[in-house]
Amino acid sequence: MADVNPDFMKLASGYLFPEIARRTRAWQDRNPGLEVLRLGIGNTTEAITPYIAKAMHHKIDLLSDRSTYTGYGDEQGDSELREALRAFYQREYSVSLKATDFFISDGAKSDAANIQEIFSRNAIVAVTDPSYPVYVDSNVAGGRTGEYNGVNYDGFVYLEGRKENGFVPSPPDCHVDLIYLCSPNNPTGAVCSYSDLEAFVSYALREKAVIIFDAAYSDYIRQDGYPHSIYEIDGASLCAIEINSFSKNAGFTGVRLGWSIVPETILSGSGEAGVLHRLWNRRQTTFFNGASNIAQAGGIAALSEEGRAECRGLVDYYLENARIIREGLEGLGITCFGGINSPYVWACCPCGMTSWQFFDLLLDKAHVVVTPGSGFGPAGEGYVRFSSYGHREDIMRAVDSIKENING
Ligand SMILES: *Cc1c(COP(=O)(O)O)cnc(C)c1O
């Protein structure tokens, strides 16, 4: 009998984005001809930049000629790209890693979901609340929790981000084995300082825990005083895995390319070096056949001097959108967080409204779609997330519509 996986059955239904789509469609049916302005999903909108696009065109030319055609590459990724990443960390962050510590993937989401497979089913997992849903859902499906209790899952340790702690929680006050951190944070836009990360690294070293650090938005950090990589913290190469992606800085959300760093030096719970690196290598070479070679050619170009300059321009564009959103909302008296070293503005719902109440109000009155904070976890209640991913003209129309139709 092909019984279903009971751990998968624990995943709470009503995933956030389908519910947003349902309410948006229902509104459109009631208001035919009116346009909705979308500041909801975190999906890039601006074109792939010329130097990076040219490198991918060139790769297609090579593939179109039998004398330069290549098929499967290394599952761990093109050695040139792994070396380019190593050099990039050294050059920009003064972080020394080995090229073989880098594993190229089809994006950070897959790695964030899959990395739990190399840890024990009995591992105690800490996640921040609110958080990117993948960390939670992959560990629920991986059997590390009890049932959904109507608020959250039994068995997880939730680290709450609230305005009192600047949405950066402290390490747990109990033992855990795995800790998921995301900085700059999706959804809150909060960024961990050096001392915030030092506290987590020293906790992990003491408790023999592993930190999974999601740095997908590291290029959005423009102010000094914030680490771009967890390996800028002493001791992190003994206790941290870092996940990153070309999605948000090179516009590769559709191209698909990311990487994970599982250093050879990282220690397992029993204090052994090399085993986590070896298991991730085993996992990737067994269950993954490598990222697209066209995407990887784009990745190599994105890490060159020209590519870095283009990515910077792209990120500047979204950061300016974020500034416009934040200033517009603050002009209405709405309290905002994030949007400075992050593409996301985390806005406090006015007048004590819940996340979904403010969502409905923004949709009804201003025709603007946002993401309800409560969809990222119970501590997100009372907030909504504005995304800066959009064409400038659409962002400005949305902000103008909010200014005209909502009284803060
Ligand atoms: C967008 C995003 C990613 C990137 O995912 P890809 O699969 O590389 O597109 C990773 N982590 C977070 C928190 C994100 O918001």
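Given the structure, is residue 96 outside the structural domain of residue 346 (by TED's automatic domain parsing), within 14 Å of the ligand (Cβ to nearest atom) and either in contact with a Phe, Trp or Tyr (Cβ under 9 Å, 6 or more places away or on another chain) or not in a strand (DSSP E or B) (or both)? No: the conditions fail for residue 96.
For residue 144, the criteria (1) crowded, with 22+ Cβ neighbours inside 10 Å; (2) assigned to a strand (DSSP E or B); (3) away from the ligand (no atom under 16 Å from the Cβ) hold in every case but one, which is (2).
The lone criterion from (1) acidic (Asp, Glu); (2) within 12 Å of the ligand (Cβ to nearest atom); (3) more than 16 Å from the chain's Cα centre (by Cα) left unmet by residue 106 is number (3). If the condition is being of a type in the set (Val, Ile, Thr) and touching a strand residue (DSSP E or B) at 6+ places or on another chain (Cβ under 8 Å), then segment 220-232 contributes only 230. For residue 139, state whether it is over 15 Å from the mean Cα position of the chain (by Cα), part of a helix (DSSP H, G or I) and either more than 13 Å from the ligand (Cβ to nearest atom) or farther than 30 Å from residue 296 by Cα (or both). Spelling it out, residue 139 is indeed over 15 Å from the mean Cα position of the chain (by Cα), part of a helix (DSSP H, G or I) and either more than 13 Å from the ligand (Cβ to nearest atom) or farther than 30 Å from residue 296 by Cα (or both). Beta carbons closer than 8 Å, at least 6 apart along the sequence or on distinct chains, pair a first residue in segment 102-118 that is assigned by TED's automatic domain parsing to the domain that holds residue 299 with a second that is more than 9 Å from the ligand (Cβ to nearest atom) and among the acidic types (Asp, Glu) for 104/78; 113/137. Among the residues of segment 243-260, is there at least one that is more than 11 Å from the ligand (Cβ to nearest atom) and in contact (Cβ under 8 Å) with a residue 40 or more places away in the chain? No, every residue in segment 243-260 fails to be more than 11 Å from the ligand (Cβ to nearest atom) and in contact (Cβ under 8 Å) with a residue 40 or more places away in the chain. Here residue 222 passes the criteria (1) crowded, with 22+ Cβ neighbours inside 10 Å; (2) within 21 Å of residue 315 (Cβ to Cβ) except the one numbered (1).
The values are calculated or read from the model by the stated rules, or taken from the named source; none is laboratory data. This structure is a prediction, so every number in the text was calculated from the model and none was measured. All Cβ positions, glycine included, derive from the backbone under ideal geometry; neighbour counts span all protein chains shown.
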